[in-house]
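S.K.: Below is the structure I would like to discuss, written out as structure tokens.
The values are calculated or read from the model by the stated rules, or taken from the named source; none is laboratory data. Note that the coordinates shown come from a computational prediction; the quantities given were computed from them, not determined experimentally. With ideal geometry, Cβ positions are generated from the backbone for all residues, glycine too; neighbour counts draw on all protein chains shown.
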Amino acid sequence: MPKKILVATSGGDCPALNAVLRAFVKAATATPGWEVYGSLQSFNGLLDTPQRVIPLTRQTVSGIHVRGGTIIGTTKESGPFNWPVKRADGTVEYIDRSDDMVRLCRVGGFDAIVNIGGDGSQRMSLALFKKGLPVVGIPKTIDNDLCATDVTFGFQSAVDVATEAVDRLVSTAESHNRIQILELMGKHSGWITLHAAIAGGAEICLIPEIPYRIEKIKAWLDRRFEAGKRFAVVAVAEGAFPAGGAPSEEKKAHSNISEKMSGAAERFMAELKATGIEEGLRCTILGHVQRGGTPAAFDRVLGAQYGVKAFEMVAAGEFGRMVSWQDGQMTSVPLGEAVRALKTIDPNGELVRVARAVNVCFGD
């Protein structure tokens, strides 16, 4: 009997997910004795009635490496540990169905589970491994905030999109003498924002790791204007916040998702207006544009490396671990190490030092 692998893509979508799937399936099906199946919409496909689990073959994944998104779908709204059940009054209760998932995996004869996702997804991987499932994790997040790998696939594609947005705003800001404020993704880390600010030449960069003071930014802008530069581009991470304050959050209705960052750029614009700068302020929220579209070549190559390494780990029985890219080489780390902490920007690190050297203002 062939050995069966169940693959799921969990959490938010991300450029190069399909490149990872393609590489994994091609590596597995080139090895006699293995079959690959995909659980649709993360592990929901396994838990749904009827089940939505599909075979993944070389034909299924042919040519998908250039496509954004994921052919097997994903979700952040539910899963084996927080399954939504609608009550009679219309409210939603979330229950733990992880034991059901363990049972269904064993009934289905799956010899390995591969979970492709970010911090929350790999915490799920660790919890399922502790329940006895043979799990391998593949790190995925545009935020680049997993601590046990040097870089995650999807990050470079998001940076490229964000940098193009900065480039475009620079020209329109200069033409109209405006302050263009661009909000980028990054709840708890500012990797996309910092990279895009340096690459695109944004004058001000606001990230969660460095709380800003509006009076510092006002003074910096005044000096810039006095020097004859009457425009500026501000790159703002969605999790950025003023010193003494907190990130802008809102609860998502009918969901167990605890937070949704919202309004960092709008809040900053209101703070600037309160200092007396009222003319020429414009706000752009890039949002999910950063997640979609064709992945950059770098992410396609990195995704292929992750996919092949993950199958090698499955074949070797290296479960309870996550694929990791360190010092230019593919390796693996225990899942517990992978989710030990978020990887955030060091305010005294090299990238911040470089940004300050080219006159980027952080507002601190």
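S.K.: Does Glu174 qualify as being modelled with pLDDT of 95 or more and not in a loop (DSSP other than H, G, I, E, B)?
M.R.: Numbers: modelled with pLDDT of 95 or more: no; not in a loop (DSSP other than H, G, I, E, B): yes.
Answer is no for this residue.
S.K.: Need the failing condition index for Glu318 against (1) touching a strand residue (DSSP E or B) at 6+ places or on another chain (Cβ under 8 Å); (2) assigned to a loop (DSSP other than H, G, I, E, B); (3) under 30 Å from Pro211 (Cβ atoms), just the number.
M.R.: Condition (3) is where Glu318 drops out.
S.K.: In the range 326-344, how many residues are in contact with a strand residue (DSSP E or B) (Cβ under 8 Å, 6 or more places away or on another chain) and assigned to a strand (DSSP E or B)?
M.R.: Number satisfying all stated conditions: 6.
S.K.: For a quick check of your reading of the model, give me the residue pairs whose first member lies in the range 210-232 and is assigned by TED's automatic domain parsing to the domain that holds Lys187, whose second is among the polar types (S, T, N, Q) and in a loop (DSSP other than H, G, I, E, B), with beta-carbon atoms closer than 8 Å and at least 6 apart or on different chains.
M.R.: Close Cβ pairs (under 8 Å, with a partner that is among the polar types (S, T, N, Q) and in a loop (DSSP other than H, G, I, E, B)) amount to Ile214/Thr275; Glu215/Thr275; Lys218/Thr275; Arg230/Asn177; Phe231/Asn177.
S.K.: In the range 27-41, what residues are closer than 18 Å to Asn115 by Cβ and either small (Gly, Ala, Ser) or assigned to a loop (DSSP other than H, G, I, E, B) (or both)?
M.R.: Ala27, Ala28, Gly38, Ser39, Leu40, Gln41
S.K.: Here is a further query. If you scan the range 59-77, which residues turn out to be closer than 16 Å to Leu17 by Cα and not aliphatic (A, V, I, L, M)? Even if it seems obvious, please write down each step before you answer.
M.R.: Restricting attention to the range 59-77, the residues satisfying the condition of being closer than 16 Å to Leu17 by Cα are 60-76.
The answer is Thr60, Ser62, Gly63, His65, Arg67, Gly68, Gly69, Thr70, Gly73, Thr74, Thr75, Lys76.
Residues are listed down the side, and each one gets a yes or a no for (1) β-branched (Val, Ile, Thr); (2) modelled with pLDDT under 95; (3) not in a helix (DSSP H, G or I):
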position: Lys216; (1), (2), (3): no, no, no
position: Lys229; (1), (2), (3): no, yes, yes
position: Val233; (1), (2), (3): yes, no, yes
position: Val236; (1), (2), (3): yes, no, yes
position: Ala246; (1), (2), (3): no, yes, yes
position: His254; (1), (2), (3): no, yes, yes
position: Gly276; (1), (2), (3): no, yes, yes
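S.K.: Let me ask another. Tell me yes or no: at least one residue of the range 165-182 is surrounded by fewer than 18 Cβ atoms within 10 Å (Cβ to Cβ), within 13 Å of Gly201 (Cα to Cα) and touching a helix residue (DSSP H, G or I) at 6+ places or on another chain (Cβ under 6 Å).
M.R.: Within the range 165-182, one or more residues are surrounded by fewer than 18 Cβ atoms within 10 Å (Cβ to Cβ), within 13 Å of Gly201 (Cα to Cα) and touching a helix residue (DSSP H, G or I) at 6+ places or on another chain (Cβ under 6 Å).
S.K.: If Phe298 satisfies every condition in (1) under 17 Å from Asp143 (Cα atoms); (2) in a strand (DSSP E or B) but one, which is the exception?
M.R.: It is condition (2) that Phe298 fails.
S.K.: Of the residues that make up the range 189-197, is at least one in contact with a Phe, Trp or Tyr (Cβ under 8 Å, 6 or more places away or on another chain) and not hydroxyl-bearing (Ser, Thr, Tyr)?
M.R.: Checked against the condition, which is being in contact with a Phe, Trp or Tyr (Cβ under 8 Å, 6 or more places away or on another chain) and not hydroxyl-bearing (Ser, Thr, Tyr), the range 189-197 yields at least one hit.
S.K.: Looking only at the range 87-102, decide whether some residue is free of Cβ contacts under 8 Å to residues at least 60 places away in the same chain and closer than 27 Å to Gln329 by Cβ.
M.R.: For the range 87-102, residues free of Cβ contacts under 8 Å to residues at least 60 places away in the same chain and closer than 27 Å to Gln329 by Cβ: absent.
S.K.: Report yes if some residue within the range 53-61 is closer than 20 Å to Ala297 by Cβ, in contact (Cβ under 8 Å) with a residue 24 or more places away in the chain, assigned to a loop (DSSP other than H, G, I, E, B) and under 17 Å from the mean Cα position of the chain (by Cα); otherwise report no.
M.R.: no
S.K.: Looking at the range 132-147, is at least one residue under 15 Å from Gly292 (Cα atoms), over 13 Å from the mean Cα position of the chain (by Cα) and among the β-branched types (Val, Ile, Thr)? Write out each step before concluding.
M.R.: First pass over the range 132-147, keeping only residues under 15 Å from Gly292 (Cα atoms): 140-143.
Retained after the next criterion (residues that are over 13 Å from the mean Cα position of the chain (by Cα)): none.
So far as the range 132-147 goes, no, none of its residues is under 15 Å from Gly292 (Cα atoms), over 13 Å from the mean Cα position of the chain (by Cα) and among the β-branched types (Val, Ile, Thr).
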